[in-house]
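> Starting off with a structure, shown below.
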Amino acid sequence: MEDPYATPITRVVTENEKVIELLVRFKHQMKVVNMLRQDGMDFSEAQSIVTQNVKPAQAILNKKNRFWQIAAWILIFSGTVLPIITYVNGHLTFVSAAPLFGGLYCLRMCDKIKF
């Protein structure tokens, strides 16, 4: 009979600081997998370690990109509201949509970890 109070065995994700640091620096999973393979690790093992550590690395990148994301959403908001205001006042409307494109460009600049 099993002990009902025993902790169940689960697959716990282990964070590897070296892999997280490499993911934050290079932003490509395959580059990090190839670096781990150069250190003598098997491909499937290296790939599983990298995929386990993508979320913590992406969280670090999101913290670094927070300023750009806030600025981008402010620009997008002003780029959608300003044309409406300028149209009502009778001024140039397409010029006031320029912050929208600036905000989209700022969002595009934010780093993401790619495969």
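The values are calculated or read from the model by the stated rules, or taken from the named source; none is laboratory data. Please read all numbers here as calculations on a predicted model, not as lab measurements. Using ideal geometry, Cβ is built from the backbone for each residue, glycine included, and neighbour counts are taken over all protein chains shown.
> Which one is farthest from Lys114 (Cα to Cα) among residues in the stretch 25-58 that are aliphatic (A, V, I, L, M) and surrounded by fewer than 17 Cβ atoms within 10 Å (Cβ to Cβ)?
Filtering first and then ranking leaves Met41.
Condition check ((1) hydrophobic (A, V, I, L, M, F, W, C); (2) over 14 Å from the mean Cα position of the chain (by Cα)) across all residues:
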| residue | (1), (2) |
| --- | --- |
| Glu45 | no, yes |
| Ala57 | yes, no |
| Ala72 | yes, yes |
| Leu75 | yes, yes |
| Val81 | yes, yes |
| Gly90 | no, yes |
| Ala97 | yes, yes |
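> Still on this structure, I have one more. So if I check each of Ala97, Ala46, which one is of a type outside the set (Ser, Thr, Tyr) and in the same structural domain as Ile113 (by TED's automatic domain parsing)?
Only one candidate qualifies: Ala97.
> Being out of contact with any Gly (no Cβ under 9 Å at 6 or more places or on another chain), modelled with pLDDT of 90 or more and under 19 Å from Phe115 (Cα atoms): is that true of Asn16 here?
Details: out of contact with any Gly (no Cβ under 9 Å at 6 or more places or on another chain): yes; modelled with pLDDT of 90 or more: no; under 19 Å from Phe115 (Cα atoms): yes.
No; evaluated as a whole, the condition is false for this residue.
> Okay, moving on. What residue, of Leu100, Leu61, Leu75, is touching a residue at least 24 places away in the same chain (Cβ under 8 Å), hydrophobic (A, V, I, L, M, F, W, C), surrounded by 15 or more Cβ atoms within 10 Å (Cβ to Cβ) and under 22 Å from Glu17 (Cα atoms)? Step through it out loud before you land on a result.
Details: Leu100 fails: under 22 Å from Glu17 (Cα atoms); Leu75 fails: under 22 Å from Glu17 (Cα atoms).
Just one listed residue meets the conditions, Leu61.
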